[in-house]
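K.L.:
Quick one: structure below, then a few questions.
The values are calculated or read from the model by the stated rules, or taken from the named source; none is laboratory data. Since the model is a prediction, treat every value here as computed from it, not as a measurement. For neighbour counting, all protein chains shown are included, and Cβ atoms are generated from backbone atoms with ideal geometry for every residue, glycine included.
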Amino acid sequence: MKRAGFSNRWLPILFLIPQLAIIFIFFYWPAAHAIRSSFYLQDPFGFGETFVGLKNYTAMFNSAAYLRSAWFTVIFTVIVTFLSLSIALLLAVKADKVIRGAKTYRTLLMWVYAVAPPVAGVIGLILFDQSWGPIKDFVALFGWDFRLGVDYFDTAFAMVTISVWKQLPVNFIFFLSGLQAIPKSVREAALIDNRSASGRFWDVTFPLLAPTGFFLLIINITYSLFDTFGVIDTVVKGEPGNNPMTLVYKVYVDGFRGNDLGGSSAQSVILMILVLALTIFQFRMVERRIHYT
Amino acid sequence: MSVSKRFRWSAVLDHSILIIGSLIMILPVVMLLQMASTTDIHTMKNGPGLIFGDQLPVNFEKAMFKADGFTGANTGVRMLYNSMILGFGFAIGKIVIGMMAAYAIVYFRLRFATLAFWVIFTTLLLPLEVRILPSYEIVQRLGMLNTYQGLIIPLIASATATFFFRQFFRSIPEELVEAARIDGAGPIKFFVDILVPLSRTMIAAMFIIMFVYGWNQYLWPTMITTEEGMFTLVRGIKQITQTLEGTNLPEYGRSNLLAIIAILPPVLIVIFFQSWFVKGLTESDK
Amino acid sequence: MAQVSLNNVRKVYPNGFEAVKPASFRIEDGEFVVLVGPSGCGKSTMLRMIAGLEDISDGALTIGDRVVNDVDPADRDIAMVFQNYALYPHMTVAKNIGYGLKNRKIPAADIAAKVQEAATMLNLTDYLDRKPSQLSGGQRQRVAMGRAIVRDPSLFLFDEPLSNLDAKLRNQMRIEIKALQRRLGVTSVYVTHDQVEAMTMADRIIVMNAGRIEQIGTPAEVYHSPASTFVASFMGAPPMNLLTGRAEAGRVRVGNVMLHQHHEDRDLTVGIRPEDIIPDSHGHLEVEVTLIEELGAHRLLHGQMQGHPLTIHVGKDHPVETGHIRAAIKPNAVSLFDPASGVRL
């Protein structure tokens, strides 16, 4: 609050009401509902529900399909995050360094931000097409018989590739603006202190980018968990079958397609806890200050 | 002269890396366009190629005006219209509501300001995806399935814009509101005369981010709209690619052009308003 | 035009911090009063209470003949110039100056005339259509002044208005503000942490420290007869020399040097302004000079006397060198303070 704020009584409440109303109806109510449903077993034909305690949770953790999906989510998240962060960092460092064409490169490397994930998925379907997909043809040269939608590993590979492609621009933009925020004087000081360019990068630039990197780490984990939904849904063409799927996709499949509301809600609650833990971890780290202010 | 020579080699390397990166970003979309410029038969036989054909107008016509499904309502034009409504409605709604709430939190002495702050900012923690089913049920109960309200309002139920404007308002010097008070401006006048004009750049930046976000929504529209007349482009594409399966002659031209039309408005906005977009992105998520 | 009077005005923040201890004083009609003190001393809070930007916890504030404790800032008939000018960045200079008038529903033609008049007075006529970002620091300062002038207030409030300017411009604006205030004859309260501004601009100075008023007086009184060791060291650059001494049998000694007379036997703090010490080969002060600061118009000698650091101010014509010198104190130039409370005796 500003020290000389206005002291009207009703005006601020009036200003807050739209936001609060929407939040209560479409955030707190559904969130509470999800938590409640996770302790109930719904009749698939809509005739009432029974309290089952933690049964939905125990069933979930005993389900091979769930554990498989959880493992896949972890590996998928780690790989997507690592690849999209490191490739974007490389591109950002180069884009920050070149003088000629810097603006053009910047535009070319960031516009994909605006491509919707399912459209990226459609592009992936073409690239990996069974009969003439360019990437499929390319890997066939090395004897890799790529089978999208049939082979578990191949499908996962396509999902990762598309998800990384879609996420590069965000990381690129943040890394580039992080690099540009490093004071010129610091770079010049480093130039005098260290004659090796890679030495300067690892000793000075990289640590100064740490706050950006950490922030992006969280963003990328969230992206891999949630925003890849569109990619996955298009790649598996809405029919998961035995294909890999992330936990969020499983919530949707079990709840919306399979009508297992209780089980799906329990999965939602686990995801909520995961996100909360992630956020708390983020706040902790910010408090501990990876910032250099 | 060895120094300058080494320097030149490293520049070549830098540019090569950047060019490869740029190509990886662009080529897939060029490929979509190429496929949309040839006949579907040609594409089905050969896949994407290097030579552009002359079928773009024909395929464009199909993409914009042809419909499939039961009602025949999901023409490209109709989906474009729905996407526009979702993009604009979401961006405007979010900005208006967020600015009002941020104004109340930053500029008023509110007894429960801290409580309001936490109630609002907790929403930053949980994305819509983790509460998607109960949200669906509630929208259903409220009779808002297949409506624009049902499509837009639940997406607004998070505080990103509020948080962003709160940060921005806090960065505005205190003295400005003090000067305005001495100049006889009340809270409404201050908001309209000073705060809103001062926030113009921020509003523009936020608008771009939010428009792209709204336009690209997929999961929520997929659940909430079942009538084909309500489909957005991004949601409708899945429908069309699915109908590709099992037909004798898949309509590659039409579906690829629809994909291009679906990415064109947000991409153009991001490219043309690049500096605002970057500002909005890098400052909003902190 | 108005008098301002404060009667036991006090500010306590919700967390219990007492920013301003009960303060009472009266500012006469047309008077230019400067509130001076180090940062955090409560001077800005005091000004903001007068402006109505900060609630008054206790006591009564009167402007003219109204108690204005609960009056809105816009209705107190005041104008304020802020440290960072607080110009509306999206409005032109003319709009900035006229905004307050517009809010009072004054006809546009009258606003234009008043803005024009103020702009002429401040040499801003060529800049009326510019935005603040296109102006220099000094010009922005003038716009802020213009905004205050057009309101025709009965009280001007200045919150460190010159601290964002460079030294040269600051000197110039100091004179301009003072001249303008003289011309308009408007009662003014001016907050600064710069003792030179306080000395040069004020009719009366109010020195504050830690929420308390240390002294109220004309610049000469505050300078020559500081009410406390705080005022003595805050006002004047270099500050007054403060030496630990003792009075015995009517004589005040620092070490074994007799400086002054005092009737009561006690410990004392002895204050002497640097310019009140004159190098004099017959003087009875023995000073070991270690450093000479050349300032062009004069010089400062830094050294030791009887183990106390001492600064001496000498004219440019006076030959000086480091080492042992003798000096004398001008008559009636010694201030005595109680060493525990710092209060003048």
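K.L.:
Which condition number in (1) in contact with a helix residue (DSSP H, G or I) (Cβ under 7 Å, 6 or more places away or on another chain); (2) within 30 Å of residue C:188 (Cβ to Cβ); (3) part of a strand (DSSP E or B) is the one that residue C:239 fails?
P.N.:
It is condition (3) that residue C:239 fails.
K.L.:
Let me ask something additional. State all residues of the range A:37-58 that are modelled with pLDDT under 90 and surrounded by 14 or more Cβ atoms within 10 Å (Cβ to Cβ); if no residue qualifies, say none.
P.N.:
Listed by number, the residues that qualify are A:37, A:38, A:40, A:41, A:42, A:49, A:52, A:55, A:56.
K.L.:
Would it be correct to say that residue C:21 is surrounded by 13 or more Cβ atoms within 10 Å (Cβ to Cβ) and in contact with a Lys or Arg (Cβ under 8 Å, 6 or more places away or on another chain)?
P.N.:
Against the criterion (surrounded by 13 or more Cβ atoms within 10 Å (Cβ to Cβ) and in contact with a Lys or Arg (Cβ under 8 Å, 6 or more places away or on another chain)), residue C:21 qualifies.
K.L.:
Only one of A:114, A:92 is in the same structural domain as residue A:249 (by TED's automatic domain parsing) and touching a residue at least 24 places away in the same chain (Cβ under 8 Å). Can you tell me which?
P.N.:
A:92 is the lone residue from the list that is in the same structural domain as residue A:249 (by TED's automatic domain parsing) and touching a residue at least 24 places away in the same chain (Cβ under 8 Å).
K.L.:
Still on this model: Restricting attention to the range C:302-326, which residues are crowded, with 16+ Cβ neighbours inside 10 Å and in contact with an Asp or Glu (Cβ under 6 Å, 6 or more places away or on another chain)?
P.N.:
If the condition is that a residue be crowded, with 16+ Cβ neighbours inside 10 Å and in contact with an Asp or Glu (Cβ under 6 Å, 6 or more places away or on another chain), then C:303, C:313 are the ones that fit.
K.L.:
Right, another one. Any residue that is in a loop (DSSP other than H, G, I, E, B) and at pLDDT 85 or above - is there at least one of those in the range C:326-337?
P.N.:
Within the range C:326-337 (the criterion being in a loop (DSSP other than H, G, I, E, B) and at pLDDT 85 or above), the answer is yes, since at least one residue qualifies.
K.L.:
So if I check each of B:29, B:77, which one is part of a helix (DSSP H, G or I), at pLDDT 90 or above and either out of contact with any helix residue (DSSP H, G or I) (no Cβ under 8 Å at 6 or more places or on another chain) or more than 14 Å from chain A (Cβ to nearest Cβ) (or both)?
P.N.:
B:77
K.L.:
Any chance you could count how many residues in the range A:130-154 are assigned to a loop (DSSP other than H, G, I, E, B) and either charged (D, E, K, R) or free of Cβ contacts under 8 Å to residues at least 24 places away in the same chain (or both)?
P.N.:
13
K.L.:
Which condition breaks for residue C:60 when tested against (1) over 22 Å from the mean Cα position of the chain (by Cα); (2) assigned to a strand (DSSP E or B); (3) crowded, with 17+ Cβ neighbours inside 10 Å?
P.N.:
Of everything listed in (1) over 22 Å from the mean Cα position of the chain (by Cα); (2) assigned to a strand (DSSP E or B); (3) crowded, with 17+ Cβ neighbours inside 10 Å, residue C:60 misses just condition (3).
K.L.:
Within the range A:236-246, can one find any residue that is within 11 Å of chain B (Cβ to nearest Cβ) and in a helix (DSSP H, G or I)?
P.N.:
no
Conditions tested, residue by residue: (1) among the aliphatic types (A, V, I, L, M); (2) more than 14 Å from every other protein chain (Cβ to nearest Cβ).
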residue: A:24; (1), (2): no, no
residue: A:40; (1), (2): no, no
residue: A:48; (1), (2): no, yes
residue: A:61; (1), (2): no, yes
residue: A:68; (1), (2): no, yes
residue: A:72; (1), (2): no, yes
residue: A:82; (1), (2): no, yes
residue: A:102; (1), (2): yes, no
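K.L.:
Out of (1) modelled with pLDDT of 85 or more; (2) assigned to a loop (DSSP other than H, G, I, E, B); (3) touching a strand residue (DSSP E or B) at 6+ places or on another chain (Cβ under 8 Å), what's the single condition that is false for residue C:340?
P.N.:
(3)
K.L.:
Just name the residue that is farthest from residue B:186 (Cα to Cα) out of those in the range C:95-121 that are among the aliphatic types (A, V, I, L, M), away from every other protein chain (no Cβ under 14 Å) and surrounded by fewer than 21 Cβ atoms within 10 Å (Cβ to Cβ).
P.N.:
C:121
K.L.:
Take the range B:115-132 and flag every residue that is of a type outside the set (A, V, I, L, M), in contact (Cβ under 8 Å) with a residue 12 or more places away in the chain, in a helix (DSSP H, G or I) and within 7 Å of chain A (Cβ to nearest Cβ).
P.N.:
Across the range B:115-132, the qualifying residues are B:123, B:129.
K.L.:
While we're here: Just one of the numbered conditions (1) under 24 Å from residue B:108 (Cβ atoms); (2) touching a strand residue (DSSP E or B) at 6+ places or on another chain (Cβ under 9 Å); (3) of a type outside the set (A, V, I, L, M, F, W, C); (4) surrounded by fewer than 20 Cβ atoms within 10 Å (Cβ to Cβ) is not true of residue C:76; which one?
P.N.:
Result: residue C:76 fails condition (4) only.
K.L.:
Name the residues in the range C:117-126 that are part of a helix (DSSP H, G or I) and either aliphatic (A, V, I, L, M) or modelled with pLDDT of 95 or more (or both), would you?
P.N.:
C:118, C:119, C:121 - these are the residues of the range C:117-126 that are part of a helix (DSSP H, G or I) and either aliphatic (A, V, I, L, M) or modelled with pLDDT of 95 or more (or both).
K.L.:
Would you be able to tell me the number of residues in the range C:14-55 that are in contact with a helix residue (DSSP H, G or I) (Cβ under 9 Å, 6 or more places away or on another chain) and among the aromatic types (Phe, Trp, Tyr)?
P.N.:
So the count comes out to 1.
K.L.:
While we're here: With more than 28 Å from the chain's Cα centre (by Cα) and over 27 Å from residue C:148 (Cβ atoms) as the only criterion, which of B:126, B:115, B:155 stands out?
P.N.:
B:115
K.L.:
Same structure again: Looking at B:63, B:67, which is the one that is touching a Lys or Arg at 6+ places or on another chain (Cβ under 9 Å) and assigned to a helix (DSSP H, G or I)?
P.N.:
Among B:63, B:67, only B:63 is touching a Lys or Arg at 6+ places or on another chain (Cβ under 9 Å) and assigned to a helix (DSSP H, G or I).
K.L.:
Which one of these is farther than 23 Å from residue C:242 by Cα and either crowded, with 18+ Cβ neighbours inside 10 Å or not aliphatic (A, V, I, L, M) (or both): C:218, C:192?
P.N.:
C:192
K.L.:
Take the residues in the range B:41-54 that are at pLDDT 85 or above and touching a helix residue (DSSP H, G or I) at 6+ places or on another chain (Cβ under 6 Å), then tell me which one is nearest to residue B:255 (Cα to Cα).
P.N.:
Per the criteria, the residue is B:48.
K.L.:
Continuing with this model, one more query. Only residues that are at the interface with chain A (Cβ under 8 Å from one of its Cβ atoms), buried (at least 17 other Cβ atoms within 10 Å of the Cβ) and under 20 Å from residue A:109 (Cα atoms): list them for the range B:249-276, please.
P.N.:
B:259, B:262, B:263, B:266, B:267, B:269, B:270, B:274 - these are the residues of the range B:249-276 that are at the interface with chain A (Cβ under 8 Å from one of its Cβ atoms), buried (at least 17 other Cβ atoms within 10 Å of the Cβ) and under 20 Å from residue A:109 (Cα atoms).
K.L.:
From A:40, A:105, A:57, which residue is within 25 Å of the chain's Cα centre (by Cα), closer than 29 Å to residue B:119 by Cβ and not small (Gly, Ala, Ser)?
P.N.:
A:57
K.L.:
Further question: Pick from B:106, B:12: which is assigned to a helix (DSSP H, G or I), facing chain A (nearest Cβ under 9 Å) and more than 29 Å from residue B:259 (Cα to Cα)?
P.N.:
None of the others qualify; the one that does is B:106.
K.L.:
Please go through the range B:166-179 and pick out each residue that is within 21 Å of residue A:9 (Cα to Cα), within 12 Å of chain C (Cβ to nearest Cβ) and charged (D, E, K, R).
P.N.:
Hits for the range B:166-179 are B:174, B:178.
K.L.:
Do we have any residue at all in the range B:180-197 that's under 22 Å from the mean Cα position of the chain (by Cα), on the phi < 0 side of the Ramachandran plot and surrounded by fewer than 23 Cβ atoms within 10 Å (Cβ to Cβ)?
P.N.:
no
For (1) over 18 Å from residue A:5 (Cα atoms); (2) away from chain C (no Cβ under 14 Å); (3) assigned to a helix (DSSP H, G or I), each residue gets a yes or a no:
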position	(1), (2), (3)
B:134	yes, yes, yes
B:145	yes, yes, no
B:149	yes, yes, yes
B:164	yes, yes, yes
B:181	no, no, yes
B:192	no, no, yes
B:195	no, no, yes
